[in-house]
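The block underneath contains the structure these notes are about, expressed in C-alpha cells.
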Amino acid sequence: MAVFGTVFMPKMAMATFENQKWSETQVVSSDAISMHPGAHVLHYSSTCFEGLKAFRHEDGGIYVFRMDQNVARFKQSSQLLNLPPVDDAQISKMILDIVAMYADEVPEPPGSMYIRPTHIGMEASIGKAAAPSATSMMYVLLSPVGDYFAGGAKPLRLLLDETGMRCAPHMGMIKSGGNYASALGPILEARSEVQADQILFCPNGDVQETGAANFVLIDGNEIITKALDSSFLHGVTRSSVLTLAADMGMTVSERDITVEELLERAQKPGTEAALSGTAAVLTPVGTFIHNGKEYQVGNGEPGETTMKLRQRLNDIQWGKAQDKHNWLVKIA
Ligand SMILES: Cc1ncc(COP(=O)(O)O)c(C=O)c1O
C-alpha cells in the first residue's frame, strides 16, 4: 500500500471566491491548480484545511463521518484567518458530491477514503502582509487510505516538551499549515535525539496535544483530557471518543493535566494513554520521555480500554454497531 496521503483521485471539487462571491462548484483535474507566484497563501500562509473520512459498509453503502463537525471547524478556521467566509451548504455538497463520484473507489475497512477540504488565499499581492486576501479558492481532494495500523498497534514513544509550544497560542484551534510548519523542527529533533514518535507539547507543564492528534489519559474508569480552549485543535475524534466513553459508563473529565500529574499517574498499573485523531483513530502510547528519563505507561502495552474505545468507534464507522448519535451521512 502506498504511503498515507500520496494517492489522489484524479478529479476534485473546486470553487473560487471573487468579487465578494463564491463561484459555482466545478469538478476539475486534481493534478494541478494555477496561481500567481505572488498569491497571498504562498507568502502570508492564508491557508486552512480539514481531514475527514468516508467509509464503506458491508451492504455497499458509503458514509461520511461527522461531516458537520469538520465543516464547522473549516468555517471557523477560515474566519479566524480572515479568509473569505465559507458557505456551509456549498462545501458540504462539494464533499458529498465528490465522494459520490468516487464511491466505487472507497476502500473496504480497515481502509477508507480520506477527504481533504482546503481553503487558500489567492490574491496576487505581496503587499498584504497585514491585510487579508480578497480572493480565495477552496477545493476537496480525495485520497484512498489503508490501515494506518498495518504493522500492528505498537505503542508510541512521546517526548514531553515543557519549554516549546506547537504554535502561537492564539492559533491553536485553527487547522492551518503554519501550525504544522511551526511544530516540524522540534518533532524532527525529538525523533533523532530521543527516538520519539511524537512530541506531546506541554507549555509550562500544561499537557496539550501532539503535532497532529489530541491526547487522552485513561485511569481505570476515568478518561481525562484537556478542556477545550483556544490553544489547541478541537478534535472531532476527541469529542467522539469522550461520547463513547460516557456511553460505556466511564467518568469523563475535561480539565487541565500537569506533566507532574501525568508522570505520577502513568506509572500506576492500569493507567493508559492514547492519541486521538482522524488518521490515528485512538493510538496507544507506551512511553513518556521527560528530562532524559523514560516512563513506561502502565505495562507499556496497548491499553485494554484504549483498544475497546478504538473498536467501538471503528464499529460505528464501519457499520457494525448502531450509529445512535447520527454521526454518519449516507452518500451512496
Ligand atoms: C494538531 C491536531 N490536533 C488534533 C487533531 C485531531 O483532530 P481530529 O480528531 O478532528 O482529526 C489533529 C488532526 O487530525 C491535529 O492536526
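Bear in mind that the values in this text are calculations on the coordinates, not laboratory data. Please read all numbers here as calculations on a predicted model, not as lab measurements. Cβ sites come from the backbone with ideal geometry, for glycine too, and all protein chains shown count toward neighbours.
The table for this structure:
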item	result
Residue-span extension gain [Thr243 to Arg116] - 0.36 nm each, minus C-alpha spacing	43.3 nm
Long-range tail of P(r) for segment 188-332 (Cα pairs > 27 Å, %)	20
Equivalent ellipsoid dimensions for segment 130-259 as semi-axes, Å, which come from the Cα gyration tensor, largest first	25, 20, 19
Inter-site label distance for Glu261 and Ser230 at 7 Å from Cα along Cβ, in nm	2.4
Pairs from Lys53/Lys226; Lys154/Lys324; Lys268/Lys293; Lys11/Lys53; Lys308/Lys330; Lys53/Lys175 whose Cα-Cα separation, in the structure shown, is over 21 Å	Lys53/Lys226; Lys154/Lys324; Lys308/Lys330
Excluding exposed DSSP-loop GluC sites (Glu not before Pro) (at most 12 other C-beta within 10 Å), longest clean stretch of the chain	59-332
Sum of -39500 (n - 2.57) over DSSP H runs of 4+, divided by residues of the chain (222 nm, nearest 500)	-8000 deg cm²/dmol
Extension gain (nm, one decimal) between Asn221 and Leu184, 0.36 nm per residue minus Cα-Cα	9.8 nm
For Asp256, residues with placed amide H under 5 Å, excluding near neighbours	Ala227
Charge tally in the Cβ shell below 10 Å around Cys48, where Lys, Arg are +1 and Asp, Glu are -1, Cys48 excluded	+2
Kyte-Doolittle mean at least -0.5, axial Cα span of 24 Å or more - DSSP H helices of the chain	177-194
